[in-house]
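The structure under discussion appears below in the form of structure tokens.
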Amino acid sequence: MSSTGTVLRELRGAQKSSKGVSLYSRYVNRPTGRLLAAAACRVGLTPNQVTLVSALFTFASLAAVALAEPSRWLGAAVWAGLAVGFAFDSADGQLARLTGRGGPDGEWLDHVVDCAKMVLVHSAVLISFHRFGRLPGEGWLLLPLGFLFVAVLTFCAGLLREQLGRAAARTGPAATGPAAPASRLRALALLPADYGVFCLVFLLLGAPGAFRAGYAALAVVHAVFLAVFLVKWFRELKALRAG
């Protein structure tokens, strides 16, 4: 069996492009996922098993948000669980590329878990608001629903953009020339839309007012990003048709 150092070197050569990836994912989540993928490889886990480990950490953390009284310690535990789950979410793909054991079933499972995570995180906040929030007004209950709408639409539209782009690439002329390098400025601008950065808001769970303010600010930012992404993706797909 290869040593951990050898596995890590192989993983570094099996990375996806950093284009369109925020600084958090590039410098925190992917390197952490690489370590987890190396450990999973050493113990013989499959990519699908790593995906299920990711789901276990994530769903357990979200269940705690919905069921337990908010506190500083709960917030820290939830953030840690979500961050670890997100790192395992990166590890499954890295392990699949390293071992060549990826496939349609693994991609399907990964997207199912991602979609469930997106729905449950905002549903858990809604339940917490209703049970423990002591809200200034009932209108605050609409905030998680709005954030959920933005998150699901972003996920579905982005996934469809990716699939339609792949289909066009298979039927159209092959791309020529080297790929454009990843932009550090773009990676910095994408930080507020990164799931790993979003998870940090749960550190404020023990301070209800601060948590609501942080969550609302992120909801607004994600809505702005959605509007920008929708225009961008539509123009890209239109250009593919014209080409």
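The values are calculated or read from the model by the stated rules, or taken from the named source; none is laboratory data. Everything quoted here is computed from the prediction, not taken from an experiment. Every residue, glycine as well, gets a Cβ built from its backbone with ideal geometry; the counts of neighbours run over all protein chains shown. For accessibility, only protein heavy atoms count, side chains too; no ligands or nucleic acids. Shrake-Rupley method; radii C 1.70, N 1.55, O 1.52, S 1.80 Å.
Name the pairs whose Cβ atoms lie under 8 Å apart, with the first residue in the stretch 109-123 and more than 20 Å from Val201 (Cβ to Cβ) and in contact (Cβ under 8 Å) with a residue 40 or more places away in the chain, the second among the small types (Gly, Ala, Ser) and assigned to a helix (DSSP H, G or I), and 6 or more positions between them or separate chains?
Asp110/Gly93; Val113/Ser54; Val113/Ala55
Would you point out which residue out of Leu148, Leu164, Leu159 is touching a Ser or Thr at 6+ places or on another chain (Cβ under 8 Å) and closer than 23 Å to Val228 by Cα?
Matching residue, one of Leu148, Leu164, Leu159: Leu148.
Among the candidates Leu204, Leu185, Leu200, Leu218, which residue alone is open to solvent by 50 Å² or more (accessible area, probe 1.4 Å), of a type outside the set (Gly, Ala, Ser), under 17 Å from Ser25 (Cβ atoms) and modelled with pLDDT of 95 or more?
Leu200
Is at least one residue of the stretch 124-131 open to solvent by less than 30 Å² (accessible area, probe 1.4 Å), out of contact with any helix residue (DSSP H, G or I) (no Cβ under 6 Å at 6 or more places or on another chain) and either of a type in the set (Gly, Ala, Ser) or not in a helix (DSSP H, G or I) (or both)?
Scanning the stretch 124-131 turns up no residue that is open to solvent by less than 30 Å² (accessible area, probe 1.4 Å), out of contact with any helix residue (DSSP H, G or I) (no Cβ under 6 Å at 6 or more places or on another chain) and either of a type in the set (Gly, Ala, Ser) or not in a helix (DSSP H, G or I) (or both).
Out of everything in the stretch 76-112 that is part of a loop (DSSP other than H, G, I, E, B) and not basic (Lys, Arg), what residue ends up being modelled with the highest pLDDT?
Only one residue tops the list, namely Gly103.
State the number of residues belonging to the stretch 188-197 that are buried (at least 18 other Cβ atoms within 10 Å of the Cβ) and either of a type in the set (Val, Ile, Thr) or assigned to a helix (DSSP H, G or I) (or both).
4
Checking Ala179 against (1) open to solvent by 70 Å² or more (accessible area, probe 1.4 Å); (2) among the small types (Gly, Ala, Ser); (3) at pLDDT 95 or above: exactly one of these is not met. Which one?
(3)
Could you pull out the residue among Arg97, Arg101 that is basic (Lys, Arg) and surrounded by 17 or more Cβ atoms within 10 Å (Cβ to Cβ)?
Arg97
Within the stretch 27-47, does at least one residue satisfy the condition of being crowded, with 20+ Cβ neighbours inside 10 Å, among the β-branched types (Val, Ile, Thr) and either more than 19 Å from Leu120 (Cβ to Cβ) or in contact with a Pro (Cβ under 9 Å, 6 or more places away or on another chain) (or both)?
no
Six or more apart or on different chains, Cβ under 9 Å: which pairs go from a residue in the stretch 46-64 that's farther than 21 Å from Asp105 by Cα to one that's open to solvent by less than 10 Å² (accessible area, probe 1.4 Å) and of a type in the set (Phe, Trp, Tyr)? Could you list them?
If the second residue must be open to solvent by less than 10 Å² (accessible area, probe 1.4 Å) and of a type in the set (Phe, Trp, Tyr), the pairs left are Ser61/Phe202.
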